[in-house]
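The next block holds one structure in the form of structure tokens; read it before the comments.
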Amino acid sequence: MYGFATRAIHQRPGKKDVHGSLRVPVYDNVAFEHDTAQSIQLAFEGKKPAHTYSRISNPTVEDFEQRIRELSGSLACLAVSSGMAAINATIMALAEAGSNIVTTKKIFGNTLSLFEKTFGPWGLETRCVSMTEPAEIEKAIDKQTRAIFLESITNPHLEVADFEAVGTLAKKYGIPLVLDNTVMTPYLFDSKKVGVNIEILSSTKSISGGATSVGGVILDHGNRSDVLRNTGSCLAPHNAYLQSLGLETLSLRLDKTCTNTQKIAEFLEAHSQVSSVHYPGLKSSPYYERAVKLFGNKCGGLLTFDLGSKQTCFALIDSLQLIRRATNINDNKTLIVHPASTIFAEYSEEEQAAMCLRPTMLRLSVGIENSEDLIQDLQKGLENR
Ligand SMILES: *Cc1c(COP(=O)(O)O)cnc(C)c1O
């Protein structure tokens with residue numbers, strides 16, 4: 001089989017384009033005409049692989065789905081309008097009122113809010129435990145548990161769950177293991193190997209690459225039943241097109257990002273003004289050995305580091321010339337943000353402390369620039385404060 005980069009570029013679409021276009025064009029239409037009534041019936045019954053209506057399926061979106069399905073080695077792939085739409089559709093398909101899901105407080109803020117604030121009033125219980133403590137997870141599981149939900153490297157705490165133990169538990173109790181693999185992508189972490197059943201990606205991030213468009217993906221690794229397409233949150237054909245373009249260079253960009261992040265993490269760790277650096281690729285990380293085992297020497301593009309105070313964090317952010325002040329992750333550009341005053345602004349100081357969120361912490365999402373330039377920007381910023 002060809003390597004990841006080759007397959008990402010050369011995968012052939014299911015149908016040849018009538019004009020021989022080398023790239024599946026943007027089919028910016030809603031309805032598809034059939035020659036006979038029988039043909040539409042078969043398409044509606046799912047017995048004929050043909051399009052009828054773009055909320056259900058669309059050739060440009062389908063091409064994007066097939067490419068990701070093939071690259072990730074999953075059984076089925078559904079592309080939707082955002083990462084949040086993917087998480088919403090997955091939980092709505094798996095759980096119901098009176099049931100529960102087991103997860104951790106350390107997941108992406110909007111996801112936790114979706115579980116607790118949106119699904120809570122509909123009768124779904126969210127049980128938060130530590131994903132690095134398998135015994136706690138096992139205690140939280142009961143007959144009403146419909147999913148164990150985790151992330152590959154949590155943001156911004158950069159925790160790596162004990163996947164082997166969680167995978168074993170999920171299997172033992174027959175509960176779907178759902179992973180939001182946005183931070184790593186199937187290129188850096190082949191999650192089905194550790195027993196993940198359903199994988200979710202916010203394709204807004206690494207896959208789109210240059211932060212060109214919002215999108216989400218649900219991958220079914222085939223060891224559980226299918227997720228239904230019942231929420232109408234379809235991906236726009238134009239966004240599918242942009243994300244297919246991004247997919248072609250995913251591995252190149254992630255390789256560069258991982259190399260850059262490792263270098264920056266080592267630079268920051270050696271800097272006298274920096275009190276601590278968190279990156280699973282650093283030997284000082286409590287997750288170093290697990291990360292090396294799961295991800296090899298490529299630990300993604302997110303790192304956090306601490307300075308003396310919130311003021312010094314703000315001063316550094318404001319003095320940077322190259323690194324951008326923005327909250328996205330896995331853009332081509334390197335981005336910096338102060339999580340406590342932005343992403344977690346809705347929580348009080350006490351609540352933040354309970355979440356182990358430090359006001360002295362900065363998050364860097366490393367891009368694909370020349371690492372020397374990024375390091376110089378940080379070096380100057382740290383000197384100028
Ligand atoms: C950004 C993000 C999401 C949400 O994705 P959107 O495409 O913005 O809806 C979910 N999970 C993680 C880990 C993310 O970083």
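Run through the DSSP bridge list for the chain and note the antiparallel percent, rounded to the nearest 5. Walk me through the numbers on the way to the answer.
Details: 23 of 39 bridges.
Taking every DSSP beta bridge with both residues in the chain, the antiparallel ones total about 60 percent.
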What number comes out for the charge environment of D306, summing +1 per Lys or Arg and -1 per Asp or Glu over other residues with Cβ under 12 Å away? +2
Among K298, K193, K16, whose mean-square fluctuation peaks in a Gaussian network model of the chain (Cα, cutoff 10 Å)? K16
For the stretch 4-248, what class follows from the C-alpha gyration tensor (a ≥ b ≥ c being the square roots of its eigenvalues): rounded when a/c is under 1.5, otherwise prolate if a/b is larger than b/c, else oblate? prolate
Summed over the other residues with a beta carbon less than 11 angstrom from that of D17, with K and R at +1 and D and E at -1, the charge totals +3
List the aspartates and glutamates whose Cα sits under 12 Å from the Cα of K193, skipping any in the same chain fewer than 8 residues away. E164
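State whether the stretch 180-314 is rounded, prolate or oblate according to the following rule on the C-alpha gyration tensor (a ≥ b ≥ c being the square roots of its eigenvalues): a/c under 1.5 gives rounded; otherwise a/b larger than b/c gives prolate, and the remaining case gives oblate.
Values: a/c = 2.24, a/b = 1.67, b/c = 1.34.
Note, shape of the stretch 180-314 comes out prolate.
Multiplying the sequence separation of Y53 and E372 by 0.36 nm and subtracting their Cα-Cα distance, what value in nm do you get?
Working it through step by step, the gained length comes to 109.9 nm.
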Run the reach check for K333 against aspartates and glutamates, Cα to Cα strictly under 15 Å, same-chain hits fewer than 8 apart removed. What comes back? D255, E369, E372, D373, D377
Per the helix-only model, the chain has a calculated mean residue ellipticity at 222 nm (DSSP H runs of ≥4, -39500 (n - 2.57) each, divided over all residues, rounded to the nearest 500) of -10500 deg cm²/dmol
Return the lysines within reach of K106: Cα separation strictly under 21 angstrom, same-chain partners fewer than 8 residues apart disregarded; answer none if there are no such residues. K117, K139, K205
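Which order do peptides 364-370, 104-110 fall in by mean Cβ count within 10 Å, highest first? Each step should come with its number before you reach the end.
Values: 364-370: 22.0, 104-110: 20.0.
Highest-to-lowest ranking by the protection proxy: 364-370, 104-110.
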With a ≥ b ≥ c taken as the square roots of the eigenvalues of the C-alpha gyration tensor of the stretch 77-123, please select rounded if a/c is under 1.5 and otherwise prolate if a/b is larger than b/c or oblate if it is not? oblate
Net charge of neighbours whose Cβ lies under 13 Å from the Cβ of L322, counting Lys and Arg as +1 and Asp and Glu as -1: 0
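We did not get these values from a lab; they are worked out from the coordinates using the rules stated. Everything numeric in this text was worked out from a predicted model, so none of it was measured. Here the Cβ is made from the backbone with ideal geometry for all residues, glycine too, and neighbour counts use every protein chain on show.
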